[in-house]
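What follows is a single structure, written as structure tokens, with notes after it.
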Amino acid sequence: MTVHQGRCFCGAVAIEASGAPEAMGYCHCRSCRSWSGGPVNAFSLWKPDAVRVTDGAEHLRTYAKTPQSERQYCSECGGHLMTNHPTFGLVDVFAATLPTLDFQPAVHVNYAESVLKMRDGLPKLKDFPAELGGSGESVPE
Ligand SMILES: [Zn+2]
Ligand SMILES: [Zn+2]
């Protein structure tokens, strides 16, 4: 099984993601933009048991502005690692956290909130897919 290893910005916290992600893409929502400091969040979604902290767990902190997103970062450097989505049953390990992951985006979510239009021909969802409780509606690129 493929194992991807990643570390926070300073290296104190190490994580491992095993196998293949359930989905990959970009989130354009205001929360992701605000927390990441970038115009989009490149996500890779994993089953929670595929992801584990292998080093520096004592430095891992969680901030949950809403119960849907438990955002995890390193207390030493402030570097972001992943966001647990308990209501989806998935963990978003930021694509940038896993250097060996072959990032193959398939969808854009929360594109209605986009500040960076990405005309790459991929599906653009207004919010979330219907199976995750969203409208499932598409919006123009
Ligand atoms: Zn760190
Ligand atoms: Zn988002």
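At least 1 residues being free of Cβ contacts under 8 Å to residues at least 60 places away in the same chain is the threshold, and among the strands (runs of 3 or more DSSP E) wholly inside region 1-107 those reaching it are 3-7, 14-18, 41-46, 51-55, 60-66, 69-74, 80-85, 90-93. Scanning region 112-141 for residues that are surrounded by 14 or more Cβ atoms within 10 Å (Cβ to Cβ) and within 20 Å of Glu22 (Cβ to Cβ) yields Leu122, Pro123, Lys124, Leu125, Asp127, Phe128, Pro129, Leu132, Gly134.
Among the aliphatic types (A, V, I, L, M), at pLDDT 95 or above, surrounded by 14 or more Cβ atoms within 10 Å (Cβ to Cβ) and out of contact with any strand residue (DSSP E or B) (no Cβ under 7 Å at 6 or more places or on another chain): does that describe Ala20?
Values: among the aliphatic types (A, V, I, L, M): yes; at pLDDT 95 or above: yes; surrounded by 14 or more Cβ atoms within 10 Å (Cβ to Cβ): yes; out of contact with any strand residue (DSSP E or B) (no Cβ under 7 Å at 6 or more places or on another chain): yes.
Spelling it out, Ala20 is indeed among the aliphatic types (A, V, I, L, M), at pLDDT 95 or above, surrounded by 14 or more Cβ atoms within 10 Å (Cβ to Cβ) and out of contact with any strand residue (DSSP E or B) (no Cβ under 7 Å at 6 or more places or on another chain).
Gln68 - would you say it is away from ligand 2 (no atom under 12 Å from the Cβ) and among the polar types (S, T, N, Q)? No; evaluated as a whole, the condition is false for this residue.
Is one or more of the residues making up region 109-118 within 14 Å of ligand 2 (Cβ to nearest atom) and in a strand (DSSP E or B)? Checking region 109-118: at least one residue is within 14 Å of ligand 2 (Cβ to nearest atom) and in a strand (DSSP E or B). Taking the residues in region 27-44 that are under 21 Å from Asp102 (Cα atoms) and buried (at least 21 other Cβ atoms within 10 Å of the Cβ) as candidates, determine which candidate is farthest from ligand 1 (Cβ to nearest atom). Per the stated criteria, the residue is His28. For region 53-84, the tally of residues that are under 16 Å from Ala12 (Cβ atoms) and surrounded by fewer than 21 Cβ atoms within 10 Å (Cβ to Cβ) stands at 17. Total residues in region 88-122 satisfying the condition of being under 18 Å from Gly25 (Cβ atoms) and either among the polar types (S, T, N, Q) or touching a helix residue (DSSP H, G or I) at 6+ places or on another chain (Cβ under 8 Å) (or both): the figure is 13. A count restricted to region 74-104 and to residues that are over 11 Å from the mean Cα position of the chain (by Cα) and small (Gly, Ala, Ser) stands at 4. Considering region 9-26, and only residues there that are out of contact with any helix residue (DSSP H, G or I) (no Cβ under 8 Å at 6 or more places or on another chain) and closer than 13 Å to Ala96 by Cβ, the residue that is farthest from ligand 1 (Cβ to nearest atom) turns out to be Tyr26. If Met1 passes every condition in (1) modelled with pLDDT of 95 or more; (2) farther than 13 Å from Val93 by Cα; (3) more than 16 Å from ligand 1 (Cβ to nearest atom) but one, which one does it miss? All conditions pass for Met1, except number (1).
The values are calculated or read from the model by the stated rules, or taken from the named source; none is laboratory data. Given the structure is predicted, the values throughout are model-derived calculations rather than measurements. Glycine gets a Cβ as well: all are built from the backbone with ideal geometry, and neighbour counts include every protein chain shown.
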